[in-house]
Amino acid sequence: MATIDEIIKQEVNPFDPVTFKTGNFWLADKQTTATVDSIHQDEINQIANVLRLVIRDQYTRTVLLEGDSGSGKSYLLGRLKRKLKPYAFFVYIDPWTDNQYIWRHTLREMVDSLMKKPAGKNDSQLSLWLKGLSAFRDRSMIKNILGERGLFIHNFKSTYPSGIYQAREFFGVLYALTKPDLYSLGCDWLRGENLAQDDFKALGVSKSIDSEDAARGIIGNFGRISASTKPILLCFDQVENAPTNASQKPELQPLFNVNTTLHNQYLKNFIVIISIVKDKWHICKRHLEQSDLARIEKQISLKSINLEQAEALWITRLYPLHDQATPKPDSPLYPLQKQALEQKFPGGKANVRTVLGLGGQLFIEHKLGHKPPIDDVATFKLIWLKEFQKTQQKVERIRQFSSVDLTQMLQQAMNALQINTDPHLLNHAKYSSYSFSYQHPDKTERLGIFWNEEPNMTSFNAAMNACEKDLKKNCCDTLTLIRAEKLGQAKNKGYKLFKKLFNGSPHRHLTPHLDSIHYLRTYQLLVNSAGAGELVIHQQTLDLPTLEKLIRDSHVLQNCPLLQDLGLVSKPIIKPDPDLEKIKDFLFNLVKTQFMIGRQKLVDLTMQDFSHIDESQINQQIQTLCQENQITLIPPDAKPQDQSVCWKPPTKNNTSP
């Protein structure tokens, strides 16, 4: 049995900023922390009422969700998904990277979300959506649906005789979704992938969804045939990260063009939620067309919480510690006090993030008996690791992203490393968005990047022709083609041109690996969070320049293979065991941010993040850190389960990095 103060010294800070990092609510199907139901309950009810209206009459409606930074928008979306998932299909749409691709981006993100399996279901949302269509549910057609493709298409065309874009090809792909061996290909076509010719043939289609008009048409198909299914909720989150206009303000008109089209074309059964920071919305809406603003049926502004709700937030975070304690503390707030809330928020209104941050600060001060120094880099490294691990779980292949998205990811990472980049290198309507130029700090030449992952060989030939044409015009001194997809065969025109151009003298080809995408995507997600005011360290909301500095100071991009191959970060001369190095770094950063933690708790948390490592290897790294005089064990001679691990701040005689 342990007292509450003994437990506090052994446990991590329940208000740790790493735990409040939010983002794509698709990754939060399971409720990992207790909630305070009264917080934003009115707003959730308002959105639920909009959903009821759509279920009743199938008319598309739009909700704008605004709130101050830290007011809990993303957290609300997660709660909304958990509450309403029996009644709607949920789609999360990341910020788009290029206004010329917004329809294609929306379609790709929509299909990606529909491919996810809801908690407790064996089928994806897309399969459940398909089975919910009236044509599919017609029992007299089941035998035909599961049999011959032509009859399937005929029956669907009979059920939906007009208004379907590329009806035969679209219904043919829906048929492919019913076949396990064709399901993935069908999804890739719907996502807008420019597939190989053999794949087109297998699906019975002639070409890809390769334009904004085509993407708009396919999204329209989902709306036109969805009246008999559950509504599709399209959540455009963090839209303040939209491409900027000449005034460096987010350009939201393309998004509202999409929204108005969904309304004007009478596409049924959609709910559009647009989530944005309040001050950015007030700036951007002045530049939007009034007719587009009129398409917002419900505007919801997240309110501040009151002190009773703030107190309840603290209690929910502290409860797991209190539950372990004997005897139980007199107050469910211990070691915090309600007076601290009253002093911090004399007006009685508070921001969710500020409440949690204050709780974390006071918790650590009680734990140590004094106000400790803070280390932004150590905290950031833990945030990075959590995001990186989530990205590894979610991103399973390079082509999960379009070439446009991959290009921007790389450009963002290079900007963080203070490599000046200039977008749209190639003078081609399509491939300019796949390319950019940059200036290496150690070279005088103008260098170029062209990232193309389209598997279609006809498209690859066109891409090589575009490269040859612009290289003849001296678009850059050296062009690097980044491509993991196949390059074709010796007989292909595109392959021959590739071998001629990218032979290493001076232009070259690099093959990216999936781990590079994990680095680039993790950074992009943090950029989006910073732009939305959701990236916080020690109660400080990080802007993009601060994030970029932390990226450089923490060296988290140092091990990205693609950046190493480009010569933008240095490769280690002697490669240490990467797993042991990561464990050692994690242990040190966790102790550094918690200041004091039970040794067994430290081991348990490390094994959660590095499940393939055994306990003896973790203890070995703890001993190494002790020998390096970076941490200390208290009491030194006690059994490991009775020890605490403490950080040893550097002194004049202890200057460990």
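In region 304-375, if the dipole is taken from +1 on Lys/Arg beta carbons and -1 on Asp/Glu beta carbons about the Cα centre, which of Leu368, Pro320, Gly357 is farthest to the positive end?
Gly357
Roughly how many debye, to the nearest 20, is the charge dipole of region 304-375 about its Cα centre, given +1 on each Lys and Arg Cβ, -1 on each Asp and Glu Cβ, and no other charges?
120
For region 324-334, what does the Karplus curve 6.51 cos²θ - 1.76 cosθ + 1.60, with θ = phi - 60°, yield as ³J(HN,Hα) per residue in whole Hz, taken in order and with x for Gly and Pro?
With the stated coefficients, region 324-334 comes to 8, 7, 9, x, 6, x, 5, 10, x, 8, 4 Hz.
With angles folded into 0 to 90 degrees, how steeply does helix 73-84 sit against the dominant principal axis of the chain? Use alpha carbons for both and round to 10.
Approximately 70 degrees, to the nearest 10.
Could you let me know the centre-to-centre spacing of region 541-610 and region 388-418, using Cα atoms, in angstrom?
With region 541-610 and region 388-418 each reduced to a Cα centre, they are spaced 18 Å.
Mind checking which aspartates and glutamates have their C-alpha under 14 Å from Lys285, skipping anything on the same chain fewer than 8 residues away?
Cross-link targets: Glu66, Glu240, Glu251.
Which links in Lys179/Lys486; Lys473/Lys496; Lys73/Lys121; Lys473/Lys571 stretch past 23 Å when you go from one Cα to the other?
In this structure, Lys179/Lys486; Lys73/Lys121; Lys473/Lys571 exceed 23 Å between Cα atoms.
For the peptides 209-215, 243-249, what is the packing order when you average, over each peptide's residues, the other Cβ atoms within 10 Å and list the highest mean first? Please list the in-between numbers first.
Numbers: 209-215: 18.6, 243-249: 11.0.
Top to bottom by mean Cβ count within 10 Å: 209-215, 243-249.
By how many degrees, 0 to 90 and rounded to 10, does the Cα axis of helix 41-57 deviate from the longest principal axis of the chain?
Between helix and principal axis, roughly 20 degrees.
Ratio of region 304-375's C-alpha Rg to 2.2 N^0.38 Å, to two decimals?
1.12
Out of residues 5 or more away from Ala2 or on other chains, whose amide H comes under 5 Å of its own, with H placed 1.01 Å from N in the peptide plane?
The answer is Thr326.
When Glu6, Glu11 are ordered from fewest to most other Cβ atoms inside 10 Å of their Cβ, what list results? All intermediate terms of the calculation are to be shown ahead of the outcome.
Numbers: Glu6 15, Glu11 18.
In order of increasing Cβ crowding within 10 Å: Glu6, Glu11.
With a point put 7 Å past each Cα toward its Cβ, work out how far Asp5 is from Asn427 in nm, to one decimal.
Between Asp5 and Asn427, the simple spin-label model gives 7.6 nm.
Listing Leu288, Leu525, Leu84 from the residue with the fewest other Cβ atoms within 10 Å to the one with the most, what is the order?
Listed from fewest to most nearby Cβ atoms, that is Leu288, Leu84, Leu525.
Mind ranking 406-414, 585-593 by how tightly packed they are, going by the mean number of other C-beta atoms within 10 angstrom, highest first?
Numbers: 406-414: 24.2, 585-593: 22.2.
Highest to lowest by the protection proxy: 406-414, 585-593.
Towards the positive end of the charge dipole of the chain, with charges on Cβ (+1 Lys, Arg; -1 Asp, Glu), say which of Leu203, Thr60, Met1 has the farthest Cα.
In the chain, that residue is Leu203.
On a 32 Å Cα-Cα criterion, which of the cross-link pairs Lys338/Lys549; Lys280/Lys390; Lys390/Lys639; Lys207/Lys499 come out too long? Walk me through the intermediate numbers first.
Details: Lys338/Lys549 37 Å; Lys280/Lys390 28 Å; Lys390/Lys639 34 Å; Lys207/Lys499 26 Å.
Where the Cα-Cα span goes over 32 Å, the pairs concerned are Lys338/Lys549; Lys390/Lys639.
For an R0 of 30 angstrom, estimate the FRET efficiency from the Cβ-Cβ distance between Thr458 and Glu148 and round to the nearest 0.05. Can you show the working numbers first?
Values: r = 30 Å, r/R0 = 1.00.
Step by step, r from the Cβ atoms, then E = 0.50.
Students often check this: by mean Cβ neighbours within 10 Å, which of 558-570, 105-117 ranks highest, and how do the rest follow?
105-117, 558-570
Which of the three applies to the chain, rounded, prolate or oblate, going by the alpha-carbon gyration tensor with a ≥ b ≥ c and a/c under 1.5 meaning rounded?
oblate
Can you give the FRET efficiency to the nearest 0.05 for Gln418 and Lys472, using r as the Cβ-Cβ distance and R₀ = 25 Å?
Calculated value: 0.20.
By counting other Cβ atoms within 10 Å of each Cβ, how are Tyr101, Tyr266 ranked from fewest to most?
Tyr266, Tyr101
Taking only Cα atoms, what is the 0 to 90° angle, nearest 10, from helix 457-472's long axis to the longest principal axis of the chain?
Computed tilt is about 80 degrees.
About its Cα centre, what dipole magnitude does region 117-229 give when the only charges are +1 on Lys and Arg Cβ and -1 on Asp and Glu Cβ, stated in debye to the nearest 20?
Here region 117-229 has a charge dipole of around 520 debye.
Students often get this wrong, so check it: of Lys131/Lys201; Lys131/Lys298; Lys386/Lys592; Lys81/Lys601, which have C-alpha atoms separated by over 22 Å?
Lys131/Lys201; Lys131/Lys298; Lys81/Lys601
Under a point-charge model restricted to the Cβ atoms of Lys and Arg (+1) and Asp and Glu (-1), what is the dipole moment magnitude of the chain relative to its Cα centre, in debye to the nearest 20?
1780
Which of the GluC sites (Glu not before Pro) found in region 324-399 are loop residues per DSSP with 12 or fewer other Cβ atoms within 10 Å of their Cβ? Write out the running numbers ahead of the final one.
Numbers: sites: Glu342, Glu365, Glu387, Glu396; in loops: Glu396.
Within region 324-399, the qualifying GluC sites (Glu not before Pro) (loop, at most 12 other Cβ atoms within 10 Å) are Glu396.
Just to confirm my numbers, what's the Cα centroid distance between region 297-326 and region 475-531 in Å?
47
Once you place label points 7 Å from the Cα toward the Cβ at Gln197 and Gln540, how far apart are they in nm?
Here the modelled spin labels are 5.8 nm apart.
Restricting to Cα pairs below 8 Å that are 6+ residues apart, what does the relative contact order work out to for the chain? Please round to a whole percent.
Reported relative contact order: 16 percent.
Just name one of Ile164, Leu625, Gly598: the one whose Cα is farthest towards the positive end of the charge dipole of the chain (beta-carbon charges, Lys/Arg +1, Asp/Glu -1).
Working it through, the farthest residue towards the positive pole turns out to be Ile164.
For region 376-570, what is the convex hull (Cα atoms) projected area averaged across all directions, in square nanometres?
Numbers: hull surface 44.4 nm².
Projected area, direction-averaged: 11.1 nm².
Readers should treat all values here as calculations from the given coordinates under stated rules, not as data from a laboratory. Keep in mind the model is a prediction, meaning the values are calculated, not measured. Neighbour counts run over all protein chains shown; Cβ positions are idealised from the backbone, glycine included.
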